1. Would you check which residues across the range 129-146 are surrounded by 20 or more Cβ atoms within 10 Å (Cβ to Cβ) and closer than 30 Å to residue 198 by Cα and list them?
2. Does residue 434 satisfy the criteria of being over 19 Å from residue 145 (Cα atoms), part of a loop (DSSP other than H, G, I, E, B), touching a residue at least 40 places away in the same chain (Cβ under 8 Å) and of a type in the set (Gly, Ala, Ser)?
3. Can you pull out the residues in the range 64-107 that are among the hydroxyl-bearing types (Ser, Thr, Tyr), out of contact with any Gly (no Cβ under 6 Å at 6 or more places or on another chain) and touching a residue at least 12 places away in the same chain (Cβ under 8 Å)?
4. In the range 403-412, what count of residues is obtained for those that are touching a Ser or Thr at 6+ places or on another chain (Cβ under 6 Å) and either exposed (fewer than 14 other Cβ atoms within 10 Å of the Cβ) or modelled with pLDDT of 95 or more (or both)?
5. Considering only the range 267-278, how many residues are surrounded by 12 or more Cβ atoms within 10 Å (Cβ to Cβ) and either outside any loop (DSSP other than H, G, I, E, B) or hydroxyl-bearing (Ser, Thr, Tyr) (or both)?
6. Being crowded, with 21+ Cβ neighbours inside 10 Å, aliphatic (A, V, I, L, M), in contact (Cβ under 8 Å) with a residue 24 or more places away in the chain and more than 16 Å from residue 454 (Cα to Cα) is the requirement here; does residue 331 meet it?
7. Taking the options 268, 272, name whichever one is over 20 Å from residue 353 (Cα atoms), outside the structural domain of residue 382 (by TED's automatic domain parsing), within 23 Å of the chain's Cα centre (by Cα) and not acidic (Asp, Glu).
8. Looking only at the range 361-406, filter to residues that are of a type in the set (Lys, Arg) and within 23 Å of the chain's Cα centre (by Cα); which one of those is nearest to residue 316 (Cα to Cα)?
Amino acid sequence: MLSLLSSVVIAQAAAPAPLVGQQYLIQPQEIRTLPGELNKVKVFNSNSPEVIQTEGILLSTFPGSRMRFPNAHLQQTLEGRFDLFTHHIARPQAKGRMLYQGVIVYNPGDRLVRLRVLQAATYLTNPDAPFINLPSILEDRWGRFFSGPGSRLMGEILRGYNDPHFPTQIVIPPGQSRMLFGLPIPNSSARSTFMRLDSSGPVYMANLAMYGKPGASGRATKTANARSVRNRQTAFREPTLEEWQQMLLGGGLVYPRDIPPTPLDDPTVVKTIYGRVAGVSVGSEWVATLVDPGASYLSIPPRGKAFSYPLSTVNRGTHGTQQIQSAPMLVRYPDTAFLAHGNYAVHYNLTLPLVNKTEQPQTVTVSLQTPIKQDEYSDRLFFREPPQGQVFFRGPVRVEYKDDRGLTTRRYFHIIQRQGQQGQPIITLNLQPGEEREVNIDLLYPPDATPPQVLTVRSMDGYYIPPRNGALPR
């Protein structure tokens, strides 16, 4: 791998300020700003506090005027196309009690509102999607590989899966509320949920946490481990709509809170704390075609060279591009993230119309990589060998292209990368002189990932010669 990347051990003095005093591998190459921008679709974005220990309000866009705790409500309507993303872990202080997560929707207008559920899925850590050790890259044609609920959730949404247990729509009369869903989160488990929604009129929405109520549940609980949950919960039931409404009116924010973020523009801050998100962010998708300036194609780099496009960049982590891709927050709680750092569940849809402008056949690879986060250099990437520390990316990537036989191919990969990992090629293409081949990369940025990553295009030092039997690398 190192010979292919022409990496060398850097001297400590060559490292950017956050990396001084440690040794890394340096890869000299061009870092380019990612074209395009986030769309304007709003996202009901609930990830703080990540760990739920008590009952209360996780996120409410209701007005606070008639509420017992006005500071728990952000007064922001949602209308038309918008998304919902929630990710929380239950560690209840009341032992032996099941915590439920409930999302309630209210119609403040004088006309009936139809809230359509265009796509939805939800998963628990156990037993739906436990964190397991997987290889760094696995081809995953059938969606069998995942590690953690965020990894599985993003894979299912990417493949177009729609959980049939969710309603296709809910009808909300004027001045009334309805439950979008109420789901259990077993102790020490995480639940990740994503929904694409469309509302015919303005609505308010709240994400609440409540203990199960005394009395056996009268209906099945929607979850992949419904039977085991019910067996442990025979003395308790899911809260009713009226009980959720009481929580909304009289409840305060869930405590304890997460660590507040540090100011984004304070130069005296030594260690940046980005914080977790609780509010309405703006931007659900980043669609872009990556091309040369003023052209309709993307020239592959010279043989042995590479260029990269950073993904999900954050302040103080742009790889020298100064482009912050984090979605802005329309409304937020004061002790939560200023921006939707990490862009959890944001869909990156990137098209690369690759063309070989040289006079020689070229072998080109496309890779996802997780270099060390830095903000100073746009002409090099920093890696570790071997990669160290926690996993920084854990999720699916879809790639579509014409292979060397001219056949349109769609492939799915599950990728796991640690901090500083160079990554293996997702695809390898042989391009003849003047040949153009379009590659499409799709991913929904997975929860539990740590930004940024980069998408790297590299021309290999040599040309791949297929075996005599005609077999070609896919």
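1. Once the filter is applied, which keeps residues that are surrounded by 20 or more Cβ atoms within 10 Å (Cβ to Cβ) and closer than 30 Å to residue 198 by Cα, the range 129-146 yields 129, 146.
2. Numbers: over 19 Å from residue 145 (Cα atoms): yes; part of a loop (DSSP other than H, G, I, E, B): yes; touching a residue at least 40 places away in the same chain (Cβ under 8 Å): yes; of a type in the set (Gly, Ala, Ser): yes.
When the stated conditions are applied, residue 434 passes them.
3. Within the range 64-107, the subset among the hydroxyl-bearing types (Ser, Thr, Tyr) is 65, 77, 86, 100, 106.
Those left that are additionally out of contact with any Gly (no Cβ under 6 Å at 6 or more places or on another chain): 65, 77, 86, 106.
Selection gives 77, 86, 106.
4. Applying the first criterion (touching a Ser or Thr at 6+ places or on another chain (Cβ under 6 Å)) to the range 403-412 yields 403.
Okay, now just the ones that are also either exposed (fewer than 14 other Cβ atoms within 10 Å of the Cβ) or modelled with pLDDT of 95 or more (or both), so none.
The total comes to 0.
5. Counting residues in the range 267-278 that are surrounded by 12 or more Cβ atoms within 10 Å (Cβ to Cβ) and either outside any loop (DSSP other than H, G, I, E, B) or hydroxyl-bearing (Ser, Thr, Tyr) (or both) gives 3.
6. Numbers: crowded, with 21+ Cβ neighbours inside 10 Å: no; aliphatic (A, V, I, L, M): yes; in contact (Cβ under 8 Å) with a residue 24 or more places away in the chain: yes; more than 16 Å from residue 454 (Cα to Cα): yes.
When the stated conditions are applied, residue 331 does not pass them.
7. Values: 268 fails: within 23 Å of the chain's Cα centre (by Cα).
Exactly one of 268, 272 is over 20 Å from residue 353 (Cα atoms), outside the structural domain of residue 382 (by TED's automatic domain parsing), within 23 Å of the chain's Cα centre (by Cα) and not acidic (Asp, Glu), namely 272.
8. Residues of the range 361-406 that are of a type in the set (Lys, Arg), as a first pass: 373, 380, 384, 394, 398, 402, 405.
Subsequent filtering for residues that are within 23 Å of the chain's Cα centre (by Cα) retains 373, 394, 398.
Details: 373: 8, 394: 22, 398: 28 Å.
Per the stated criteria, the residue is 373.
The values are calculated or read from the model by the stated rules, or taken from the named source; none is laboratory data. Since we're looking at a predicted model, the values are computed, not measured. Cβ sites come from the backbone with ideal geometry, for glycine too, and all protein chains shown count toward neighbours.
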